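Every number in this text was worked out from the coordinates using simple rules, so none of it is lab data. Bear in mind the structure is a predicted one, so any value in this text is a computation, not a measurement. Methodologically, a virtual Cβ is constructed for each residue, glycine included, from the backbone with ideal geometry; neighbour enumeration extends over all protein chains shown.
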């Protein structure tokens, strides 16, 4: 069994792109069902160059957690693609 303190000391890595999503800042617990529903990590800054707002939070559903390792947590979390990355895919239809 792992404690909430141990979870908060682990970095989350998205296996879809290999990027760090940050460290766990909170845990969403369903008290009625006695289970973890999601891990919460800091999100991207959402305003002009991130200067005028605090970062939004990202919830990673517990079902998306694949492996809890000694140092990191690997998750399969879909994230919006960068517009330039979309142009490189076969699904892009545009100018």
Once label points are set 7 Å from the Cα along Cα→Cβ at both residue 62 and residue 37, what is their separation, rounded to one decimal in nm? 1.0
Run the simple label-point estimate for residue 28 and residue 4 please: 7 Å along Cα→C-beta, distance reported in nm. 1.6
